[in-house]
Structure formats: structure tokens, C-alpha cells
Amino acid sequence: MDFELTEDQETIRKAVAGLLRDFDDRYWMEKDRDHEFPAEFYDAVARGGWLGLTIPEEYGGHGLGITEASLLLEEVARSGGGMNAASAIHLSIFGMHPVVVHGSEELKRRTLPRIANGDLHVCFGVTEPGAGLDTTSITTYARRDGDHYVVNGRKVWISKALESEKILLLTRTAKVGEVAKRTDGMTLFLTDLDRAHVDIRPIPKMGRNAVTSNELFIDELRVPVEDRVGEEGQGFRYLLDGLNPERMLIAAEALGIGRVALDKAVRYGKERVVFDRPIGMNQGVQFPLADSLARLDAAELVLRKATWLYDHGRPCGREANTAKYLCADAGFTAADRALQTHGGMGYSEEYHVARYFREARLMRIAPISQEMILNYLGSHVLGLPRSY
Amino acid sequence: METKEFVLVRDLLRSFAARFRVGSADDVKPSAGAAAQEALGELGLGELRRSTPPAATVQECALLAEEHGGLPLPTSLLGTVLLAPELLRLLGAPAAPGGTPTIALARDLRFPDASPSPLVAWDSEGADEALCVHPDGTVTAVGLGQAAPSVDLLRAIRTAGPARRVVGRLTLAGQRHWQAYALVVVAAELMGAARSFVGQSVAYARERSQYGRPVGSFQAVQHLLADATVQVEACASATRYAAWCLDHESPERALVAARVAKAEVNRSAVEAVYAGMQVFGGIAQTWEHVAHLYLRKVRVGATVLATTADLLTALAEPEPAAVAVVEAVR
Ligand SMILES: Cc1cc2nc3c(=O)[nH]c(=O)nc-3n(C[C@H](O)[C@H](O)[C@H](O)COP(=O)(O)OP(=O)(O)OC[C@H]3O[C@@H](n4cnc5c(N)ncnc54)[C@H](O)[C@@H]3O)c2cc1C
């Protein structure tokens with residue numbers, strides 16, 4: 001067994017941490033407060049060449065693995081940027097996986113190099129008002145019309161849509177009633193968010209406010225056949241390919257938030273003096289933080305194992321799901337305790353832990369809830385009967 | 001109060017709440033708060049604890065606080081209607097002519113301690129001064145300054161000015177009664193918020209459908225909500241018992257029960273609201289949804305007056321009565 005990062009991985013971690021030093025907590029506090037996309041941060045990451053981390057070299061990327069991507073996103077979240085920072089770049093880092101694996105050569109040449117250099121912003125459109133976790137219930141429909149499809153429907157929660165030129169869009173090309181399996185009949189596109197046919201409305205939300213999440217009203221959007229990813233009707237299967245890595249990246253982000261929240265709590269526990277001694281000298285304050293350290297460390301190990309398995313081409317569903325579950329939980333608990341440790345001050349934005357708390361809460365719901373992870377482990381790993 | 005009479009009062013508050021509840025965070029505006037506070041004032045509930053013996057028992061006051069916590073209301077029931085009048089009653093002091101006091105807390109929202117740190121006027125909607133109970137029992141009235149930012153969007157807080165006058169001094173028993181009473185009504189409001197929010201998430205679990213059936217049909221969701229219900233009931237029992245103690249037992253006993261109740265609420269009301277939010281899924285992350293109003297209330301509420309660490313430390317101390325018995329035996 002080898003628990004060391006490789007030299008390259010260690011270099012990546014240090015380089016990213018160095019790059020992010022320019023974007024401190026104040027920067028993120030202000031972006032969050034002003035609901036402003038962190039363009040300077042995005043540009044710095046793009047200039048550093050990090051956006052194309054996992055995109056193959058022939059399309060302008062570095063062709064690195066999910067281990068490196070998870071280190072990058074963990075570091076980004078840990079810098080204090082949290083989910084604001086991670087969501088600004090998340091999709092560029094790995095979201096194009098279905099395109100890399102299943103897209104046509106022409107589509108890849110046309111889009112991937114622009115993703116890698118930061119020029120092309122993309123968002124990911126799956127969720128609908130009636131289809132949250134239950135993805136196969138989507139109803140957004142793409143009707144074939146010559147060498148185009150015509151798309152109508154409604155999406156919700158689509159992060160970064162307002163700032164994006166293109167969307168990776170999941171549609172139905174056959175209704176549920178017309179296919180043998182519910183997972184059939186779905187088609188994936190990477191296409192322009194043509195504002196003449198897509199009305200985009202940001203949803204005001206509790207946190208992670210530097211990056212919008214939006215409602216999309218799609219009305220007669222014409223999509224050229226060339227923008228289809230892979231074959232018609234296979235979209236859901238293509239997404240499944242990317243699910244495990246997606247879970248690992250989310251896990252890495254949750255871990256990063258947990259780490260920075262814990263750092264802040266520890267610092268405050270040493271500095272704040274009440275009853276003539278630092279509050280961190282009380283077991284009531286110290287133990288929850290020590291417990292969070294243990295939980296974060298344990299969650300991190302599962303995450304490292306999951307990314308290692310994936311990068312070695314081994315099955316990793318169990319580990320990927322477990323990593324998301326444990327990291328989301330450990331990250332949220334650490335943020336919750338950081339808030340508690342700061343007492344009344346925790347609620348002041350000045351101490352940043354309130355922001356981490358709001359973002360960490362999100363990770364237990366999106367993109368997949370803790371309950372659905374347990375459904376996966378229960379039925380796919382333990383072999384218990386599917387409960388839903 | 002006669003049961004019939006109390007039901008009448010509670011129904012009055014209930015219809016007030018239905019009328020003035022805010023639909024979302026965007027409705028929390030100073031003008032709306034002022035209008036709602038005026039309407040609350042017209043209900044005359046401030047008289048409930050002004051006479052001796054009081055017109056309403058502590059148990060009844062706790063039920064009203066619970067009711068007020070149930071809906072997102074920008075009004076001050078605790079500070080100006082239930083807490084400050086009780087303090088004046090304990091002191092046998094008249095209110096400042098024409099004035100509406102609320103109570104003053106330390107800047108971190110705990111009971112004021114001996115340190116000279118600045119105070120805030122807590123739950124200050126409609127108030128024009130604040131009463132501060134100092135650790136030696138002296139009660140002073142302080143003027144109000146600027147609105148202070150508060151994470152609990154429904155609860156107005158203002159900075160407090162220098163002391164204007166001494167209002168009186170509480171005896172040791174009076175101080176204990178005061179602390180117990182304050183802990184109980186605050187705990188009751190937080191518990192009311194948790195109870196109501198869990199109720200709303202149960203309703204949502206019935207109507208939101210995924211995988212072709214209501215999400216409430218999944219055991220994971222059911223158990224989450226069942227656990228939350230247990231947590232709310234634990235809060236309710238502890239709080240109601242403490243309120244009963246204030247009506248029937250010595251202030252020492254009541255203070256112990258009140259500390260237990262607030263410690264339970266600090267933890268369980270927050271957990272119950274977390275569970276409710278989990279059931280709402282993504283929608284509870286929106287600014288328009290009421291979830292974060294409840295979350296803010298219970299999360300900040302867990303630090304108001306006394307944090308769990310304060311309470312557990314106090315509860316771990318030997319009880320004064322027990323100490324006396326041990327010493328007598330020796
Ligand atoms: C800030 C934010 C950003 C987002 N960004 C994007 C984006 O960019 N693109 C995109 O497509 N989507 C996005 N989403 C949507 C996100 O993926 C969904 O919110 C998530 O999938 C949950 O769906 P839902 O909110 O509809 O919850 P629901 O599916 O309605 O679930 C509600 C509750 O029921 C439980 N439940 C449901 N089914 C079961 C079951 N079978 N067994 C046990 N429990 C169950 C859930 O765990 C949850 O607690 C975003 C969401 C948020 C909040």
C-alpha cells in the first residue's frame with residue numbers, strides 16, 4: 001500500500017494553492033455578497049492551464065486523471081473559495097467527460113480546446129421541476145426535424161447558465177411510454193444556449209451566490225444534429241459513465257470546505273479567550289473539532305481510494321458513492337461546528353464560517369442526495385432489494 | 001386563565017399570525033415589521049404578565065410563544081410582550097411613561113455578564129428602550145441606537161446606548177425566576193418554529209412525487225421525519241415541564257428545568273429543521289423558500305441567552321439544595 005501522492009500530484013497541489021493565494025476570503029465574501037461571477041479567479045485558473053486538466057492532450061488539455069482533478073477542486077474549495085469557486089470551474093474540469101468519450105470527432109475539435117483554454121463556458125442541464133433525483137422522469141423533448149432537433153421544455157437549477165455559451169442538455173427523444181426501459185429514449189446535446197429561444201432566470205438562493213442557478217424555459221430551440229453527443233436515445237447511459245467521477249469531485253469539494261472550516265474554528269479556538277483561557281481549552285469545544293478532524297481524514301482516505309481505482313480502470317461505484325456520502329457529511333459537520341465554535345461571531349460574514357456553512361449544507365442534497373447514495377449502496381453493493 | 005379565555009387569546013394570536021406572516025425573506029421590510037408590530041400591540045398581550053398575580057400563567061405564555069414561532073413573523077412577542085413586562089412586574093416598577101421596553105443582551109446575544117462589553121437591544125421591533133439585568137441583579141434601562149445586522153432575518157436587533165436610569169434590583173430568587181422564565185419563553189418560540197417547519201416538510205413529503213410516488217413513501221424520508229418529530233416532542237416536553245415548574249415550583253427547580261429545556265432545544269430544534277430541509281431537497285436552498293428563515297431562527301436561537309456549553313456547565317454544577325443536604329448530613 002502506498003499513501004503518498006506522486007511528485008506530480010504534490011506539485012499540482014502546491015501550484016494550485018499558490019495560484020489561489022491571490023483570492024482570499026474577502027474576495028469570496030464580496031463575490032458572494034454581490035452575486036458576481038468570479039471572473040478574475042476563473043481567468044487565473046484558465047491562464048494557469050488548469051481547466052483542461054482531464055481533457056485529452058490532442059484537444060488542448062493535459063489528459064490527467066480524476067485523482068489530479070479531485071486534488072485541484074479540493075484545493076480550490078479549501079482556499080476559502082468553497083463552492084463558489086468550485087462551481088465556477090467544476091464543469092470545465094470534468095463535465096465534458098461524456099463528450100470526450102462519446103462525442104464525434106468534429107464536436108470534440110469544435111468545443112474541447114475552447115473549454116481547456118477557458119474561452120467556452122458550459123453548464124449542465126438535467127434537473128426539471130418534476131424530475132429531481134428521478135432523472136428518467138424528465139419531459140424536455142427534442143423532436144427531429146431534418147438535420148435539426150427542435151427542443152421544448154423546462155429545466156431548473158441549472159448552475160452557471162446565465163454565464164454560459166453552451167449547455168450539455170439532457171432531453172427525451174422518445175417518451176417514457178414509447179420505450180422498453182425508462183432509461184432509454186434520452187438524448188444528450190452540447191449546444192448553444194440561444195437566448196432567443198431559451199429564457200434564463202436566476203433563482204435567488206441561500207448560498208453559493210457568486211454562481212447563479214437558473215430556471216430555463218426552452219421554447220422551439222433548434223439544435224443541429226452535429227451538436228448531438230453520441231447516438232440518439234443513449235444519453236442516460238453516457239451520463240452514467242460520468243457519475244462516479246462526478247461523485248468523487250463533489251466529495252473533494254465538500255472535503256475542502258470541511259478543511260477550511262475546521263482551520264478557521266481551530267484558529268478561533270486558540271485566539272478567543274473567555275473566562276481567562278482560550279475557549280479551545282474546553283473539552284466541550286475541543287472534542288467536536290477533534291472528532292471532525294478524524295471524520296475528514298477518514299472520508300479523505302475513501303476518496304483517495306476511489307480516485308485511484310478509477311484512474312486504474314477498476315470498478316469504483318462503491319467507493320465513489322461512499323466517498324460522496326462521508327465527505328458531504330464530514331464537511332457539513334465541520335462547518336456546523338465551526339459556526340458553533342465562533343458563537344455569536346459565527347454569524348458575522350466577517351468570519352466566513354457562515355458562508356461555508358451555507359455551502360456545505362448544499363452538498364447533502366445536490367447533485368445527489370445522501371439518501372440516494374444509501375439506495376445505491378443498499379441495492380447495488382449489499383444486494384438488498386431495490387426499495388423504490 | 002380559564003381555558004375558554006385562553007383559547008380565545010390563542011386564536012387571536014393565531015389569526016394575527018396568519019395575517020402578518022411573511023411569505024419569503026424579501027417581504028421582511030422595516031415598514032411591514034412596524035405595521036405588524038402595531039397590530040400585535042393592539043392585541044394587548046403585554047398586560048398578561050403585568051399584574052401580580054399575573055393574568056396568564058407561564059405555561060400559557062410559553063404556548064403563545066410557541067404559536068408565534070410557528071410562522072415566520074417579523075414581530076417582537078418575546079422581547080416587548082412577554083419578557084420586558086415580566087421584568088417590570090418582578091421589580092414592581094412602572095413602565096417608562098408611554099415607552100415600550102424590550103430586553104438587552106450581551107453582544108453575542110447571551111445573558112449580560114460582568115464584562116463591560118457593549119450591549120444590544122434584542123427583539124427590538126417596536127421598542128424604544130431596553131432593560132438590562134446585570135449579574136448583581138440591578139436592572140437598568142438603556143436607550144436604543146442603530147439597527148444591528150442580524151442573521152435571524154425575523155428578529156430585529158439594535159445597538160444599545162448608555163444606561164439611562166436604574167429601574168430596580170432583583171433579589172436572588174427574582175434573578176433565578178427571571179433567567180428561567182426567559183429561557184423558557186425563548187425555548188418555546190424555537191420549539192414552535194421547529195414543530196411548524198417539520199409539519200410543513202411532512203406536508204411536502206406527501207405531495208412531492210419522485211419515482212412515481214410521494215417522496216414521503218420512502219422509508220428514508222419517513223424515518224427522517226419521524227426522528228424530527230421525536231426531537232420536537234422532546235423539546236416540547238422539556239419546555240412545558242420547565243414552564244410548569246415556574247408556575248408551581250421554587251425558582252431553583254425552575255431554573256434547572258429551564259436550562260435542561262433550552263439545552264434540549266438548542267440541539268434538537270436545529271436537528272429537526274435540518275431534517276425538514278433535507279426532505280425539501282433543492283427547493284429549500286432558494287431565497288424565496290421559508291426554510292432559511294426557520295433555519296436562521298433556530299440556529300441563532302441556539303446561542304441566544306445561553307449556549308449549550310453554558311447550560312451543560314451550569315447543569316453539571318452541584319445543585320444548591322443537594323449541597324445543603326450533604327452539608328447538613330456531615
Ligand atoms: C444550488 C444548486 C445547484 C444545482 N445545480 C444543478 C445543475 O447545474 N444542473 C442540474 O441539472 N441540476 C442542478 N441542481 C439540482 C440538483 O441536482 C437537485 O436539487 C437534486 O438532484 C435533488 O432533486 P430535488 O431537489 O428535486 O429533490 P427531490 O428529488 O424532490 O427529493 C426530495 C427528498 O426526497 C428524497 N428522496 C427522493 N427519492 C428518494 C428515494 N427513492 N429514496 C429515498 N429518498 C428519496 C431526497 O433524498 C430528498 O431528501 C442544483 C441544485 C441546487 C440546490
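Counting Lys and Arg as +1 and Asp and Glu as -1, each charge on the Cβ, what is the dipole of the range B:205-330 about the Cα centre in debye, to the nearest 20?
Values: 12 positive and 13 negative charges, 99 e Å.
That gives a dipole near 480 debye.
Give the share of C-alpha pairs in each 10 angstrom bin for the range A:164-300, from 0 to the last occupied bin, in whole percents, shortest bins first.
Percent of Cα pairs in each bin: 10, 23, 24, 17, 13, 10, 3, 0.
How tilted is helix B:172-207 with respect to the longest principal axis of chain B? Cα atoms for both, answer in degrees (0 to 90, nearest 10).
10 degrees
Sorted by packing (mean other beta-carbon atoms within 10 Å per residue), highest first, where do A:201-209, A:120-128, A:32-40 land?
Values: A:201-209: 18.7, A:120-128: 23.3, A:32-40: 15.2.
The most tightly packed comes first, giving A:120-128, A:201-209, A:32-40.
Take A:Ser348 and B:Glu2, extend 7 Å from each Cα along the Cα→Cβ direction, and tell me the distance between the two endpoints in nm.
My value for the distance between the label points is 5.4 nm.
If I histogram all Cα-Cα distances within the range A:44-133 using bins 5 Å wide from 0, what percent of pairs lands in each bin?
3, 14, 24, 24, 17, 11, 6, 2
Counting residues in the protein assembly as shown as N, plug N into 2.2 N^0.38 Å and put the Cα Rg over that result.
Values: Rg = 28.1 Å, N = 718, 2.2 N^0.38 = 26.8 Å.
Output field value: 1.05.
What value in Å³ per residue do you get for the convex hull of the alpha-carbon atoms in the range A:66-179? Please report the intermediate quantities before stating the final value.
Numbers: hull volume 16.4 nm³, N = 114.
Spelled out: Cα convex hull of the range A:66-179, divided by residues, is 144 Å³.
Skipping prolines and chain starts, which residues have an amide H placed within reach, meaning under 5 Å, of the one on A:Met206, given they are 5 or more residues away or on another chain?
The list, which skips near neighbours in sequence, is B:Thr286, B:Trp287.
How shielded is A:152-161 by partner chains, expressed as the average number of their Cβ atoms within 10 Å of its Cβ atoms?
On the way: counts 0, 0, 0, 0, 3, 4, 0, 0, 0, 0.
Neighbouring Cβ atoms belonging to other protein chains average 1 per residue here.
Find, among the GluC sites (Glu not before Pro) in the range A:267-372, those assigned to loop by DSSP (not H, G, I, E, B) with at most 16 other beta-carbon atoms within 10 angstrom. Walk me through the numbers before you get to the answer.
Numbers: sites: A:Glu271, A:Glu300, A:Glu319, A:Glu349, A:Glu350, A:Glu359, A:Glu371; in loops: none.
Sparse-neighbourhood loop GluC sites (Glu not before Pro): none present.
Given the convex hull of the Cα atoms of the range A:237-381, what is a quarter of its surface area in nm²? Intermediate values should be presented prior to the final figure.
Working: hull surface 36.9 nm².
Computing the convex hull of the Cα atoms and averaging its projections yields 9.2 nm².
Looking at the range A:185-261, which GluC sites (Glu not before Pro) are DSSP coil and have at most 14 other C-beta atoms within 10 Å of their C-beta? Write down the numbers at each step before the final one.
Working: sites: A:Glu215, A:Glu220, A:Glu226, A:Glu231, A:Glu232, A:Glu246, A:Glu253; in loops: A:Glu231, A:Glu232.
When the GluC sites (Glu not before Pro) of the range A:185-261 are filtered for loop state and at most 14 Cβ neighbours within 10 Å, A:Glu231 remain.
Any of A:Lys160/B:Lys297; A:Lys264/B:Lys29; A:Lys166/A:Lys324; A:Lys108/A:Lys166 with alpha carbons more than 22 Å apart? Name them for me. The partial results should precede the final answer.
Numbers: A:Lys160/B:Lys297 30 Å; A:Lys264/B:Lys29 33 Å; A:Lys166/A:Lys324 27 Å; A:Lys108/A:Lys166 14 Å.
Table pairs above 22 Å Cα-Cα are A:Lys160/B:Lys297; A:Lys264/B:Lys29; A:Lys166/A:Lys324.
How high is the relative contact order of chain A, given as a whole-number percent (alpha carbon pairs under 8 Å, six or more residues apart)?
Across chain A, relative contact order equals 16 percent.
Given that compact globular proteins tend to follow 2.2 N^0.38 Å, what is the ratio of the alpha-carbon Rg of the range B:95-188 to that value? Present the calculation step by step, with values, prior to reporting the outcome.
Values: Rg = 12.7 Å, N = 94, 2.2 N^0.38 = 12.4 Å.
In units of the 2.2 N^0.38 Å rule of thumb, it is 1.03.
In the range A:320-387, which trypsin sites (Lys or Arg not before Pro) are in a loop and have at most 16 other Cβ atoms within 10 Å, using DSSP for the loop call? Don't jump to the answer; show the numbers that get you there.
Working: sites: A:Lys324, A:Arg337, A:Arg355, A:Arg358, A:Arg361, A:Arg364, A:Arg386; in loops: A:Arg364, A:Arg386.
In loop regions of the range A:320-387 (DSSP not H, G, I, E or B), the sparsely surrounded trypsin sites (Lys or Arg not before Pro) are A:Arg386.
So what's Rg/Rh here for chain A, counting alpha carbon atoms and using the Kirkwood radius for Rh? Before the final figure, lay out each step's value.
Details: Rg = 21.1 Å, Rh = 21.6 Å.
Using only Cα positions, Rg/Rh for chain A is 0.98.
Relative to 2.2 N^0.38 Å, what does the C-alpha radius of gyration of the range B:87-139 come to as a ratio? Two decimals please. Don't skip to the end; give the middle numbers.
Numbers: Rg = 11.3 Å, N = 53, 2.2 N^0.38 = 9.9 Å.
In units of the globular-protein estimate, the range B:87-139 measures up at 1.14.
Against the longest alpha carbon principal axis of chain A, how many degrees, from 0 to 90 and to the nearest 10, is the axis of helix A:235-271 turned?
It works out to around 20 degrees.
Report D for the range A:122-232 in µm² per second (integer): Stokes-Einstein, Kirkwood Rh on Cα pairs, 20 °C, 1.002 mPa s.
152 µm²/s
Taking springs between alpha-carbon atoms closer than 10 angstrom, which of A:Met281, A:Met248, A:Met83 fluctuates most in the Gaussian network model of chain A?
A:Met281
As a check on your grasp of the helix formula, calculate [θ] at 222 nm for the protein assembly as shown: sum -39500 (n - 2.57) over DSSP H runs of n ≥ 4, divide by the residue count, round to the nearest 500.
On the way: 22 runs with 357 residues, N = 718.
After summing the helix terms and dividing by residue count, I get -16500 deg cm²/dmol.
How many nm is it between the label spots at B:Asp247 and A:Lys305, if each spot is 7 Å from the Cα in line with the beta carbon?
Taking the two extended label points, one gets 5.6 nm.
Please report the base-10 log of the normalised intensity I(q)/I(0) for chain B, using a Debye sum with one equal scatterer per alpha carbon and no solvent, at each q in 0.06, 0.10, 0.14, 0.15 (1/Å).
-0.21, -0.57, -1.09, -1.25
Could you grab the Rg to Rh ratio for the range B:174-324? Cα atoms only, Kirkwood for Rh.
Details: Rg = 17.5 Å, Rh = 16.2 Å.
When Rh is taken as the Kirkwood radius, the ratio is 1.08.
Only the coordinates and a few stated rules stand behind these numbers; no lab work does. Because the structure is a prediction, the values reported are computed rather than measured. With ideal geometry, Cβ positions are generated from the backbone for all residues, glycine too; neighbour counts draw on all protein chains shown.
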